[in-house]
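Note sheet for the following structure.
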Amino acid sequence: MEISKDHPRYRSLVTRERMSELVGKGVVASTGLIAHGRGEAFDYLLGERTVPAADEAARAAAAHLLEARHPVITVNGNAAGLCADGLIALAREVPARLEVNLFHRTPERIERVCRYLEEAGATDLLGREQDAWLEGIASDRARCSAEGIGRADVVLIPLEDGDRAAALAAAGKTVLAIDINPLSRTAIAAKVAVVDELTRAVPNIERHVRELRDRPDERRRLIEEFSNERNLERMRGAMCETLHQKG
Ligand code: ATP
């Protein structure tokens, strides 16, 4: 479909087209489109921009990634479809391992998402082999890579569901989430939830990683001072403000 660049929602429309094409290619699950729509609605409430509290959370997440011994970034179909290049660049910058981990998992889909990321330049991907289990999840979704999530101390989970976020936290991992819904179970279970749209949040975390690389004292201070609960409260406040302004 031809979309005019003058259209006020050009970016959103182009993204929708791409996501829908990726459903056809088996990278994005059809229900992933519904999750994307929920994300778009919350972004509306943020005025489609990174607000100061989200930027602070991104900086705290960057500090955790740099302090980690075995940082892992998980990637599902939506995250790959929306932000493959950004996630690959962030993983290189930290450096962290990338692990493909899907909600709707079949060996074919795992292979498709892995190939999609590899075509975008990912190397050394984890996820094809899932030889470990997370406690506390009854389904197949407990599976993960022993070399990745299994041994990770810090896990960045873009667009993860609440059960897995809680199971990762219960397994003693430091959970960093990117989720634009400040009410989601994922955002609440995380040590740091970056409440921002994925394609803004990922390069922003990467920028903070670069800035904090040679500042270990600042990193530790950021980690100590960050309160996820307070940050989520500020994010809910920012959304309420947009609603009031538009009235
Ligand atoms: P919970 O975490 O409460 O269990 P859920 O599992 O129902 O929520 P999903 O349907 O799995 O949530 O959707 C994943 C989350 O990702 C949603 O909260 C949605 O708001 C968020 N989301 C979707 N698209 C984006 C995006 N582009 N950027 C950031 N967050 C997004």
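The values are calculated or read from the model by the stated rules, or taken from the named source; none is laboratory data. Quick caveat: nothing in here was measured; it's all calculated off a predicted structure. All Cβ positions, glycine included, derive from the backbone under ideal geometry; neighbour counts span all protein chains shown. The accessibility values were calculated without ligands, DNA or RNA, using every heavy atom of the protein model including side chains. Shrake-Rupley method; radii C 1.70, N 1.55, O 1.52, S 1.80 Å.
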Task: Count - residues of the range 21-43 that are assigned to a helix (DSSP H, G or I), more than 10 Å from the ligand (Cβ to nearest atom) and in contact (Cβ under 8 Å) with a residue 40 or more places away in the chain - done: 1
TODO: Could you check, for the range 53-76, whether at least one of its residues is open to solvent by less than 50 Å² (accessible area, probe 1.4 Å), touching a residue at least 40 places away in the same chain (Cβ under 8 Å), within 12 Å of the ligand (Cβ to nearest atom) and more than 15 Å from the chain's Cα centre (by Cα)?
DONE: no
TODO: Taking only the range 102-141 into account, find how many residues are in a loop (DSSP other than H, G, I, E, B) and touching a residue at least 60 places away in the same chain (Cβ under 8 Å).
DONE: 3
Open item on the list: Out of 200, 236, I need the residue that is within 20 Å of residue 98 (Cα to Cα) and open to solvent by less than 100 Å² (accessible area, probe 1.4 Å). Which one?
Closed with: 200
